[in-house]
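Some notes on the structure that comes next.
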Amino acid sequence: MSISEPDPSMPLRERTTPDSLLHTRTGTEVSPEDMVLAAGRDLTPRNLEWARRKLEAEGPDSIEKMLP
């Protein structure tokens, strides 16, 4: 069994990753490039502008909404 696959005999609560471990930010700045890549888009001028506007409107925590 790999480390990414929990033991199915464990109780569900112990197999579930706590929400506090699911966040992506490390305290560093989120750039428009980060936003574009997190959205699965290509780094184009149009997508970078979209990301810049999204960061201005929603702040750096908006990247969390785009990632599982």
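The values are calculated or read from the model by the stated rules, or taken from the named source; none is laboratory data. Keep in mind the model is a prediction, meaning the values are calculated, not measured. When we count neighbours, we look across all protein chains shown, and the Cβ atoms used for this are built from the backbone with ideal geometry, even at glycine. Note: accessible area is taken over every heavy atom of the protein model, side chains too, but ligands, DNA and RNA are not part of it. Shrake-Rupley method; radii C 1.70, N 1.55, O 1.52, S 1.80 Å.
General observations
- For region 32-46, the count of residues that are at pLDDT 90 or above, part of a helix (DSSP H, G or I) and loosely packed, with under 12 Cβ neighbours inside 10 Å is at least one.
- Of the numbered criteria (1) modelled with pLDDT of 65 or more; (2) open to solvent by less than 70 Å² (accessible area, probe 1.4 Å), the one residue 58 fails is (2).
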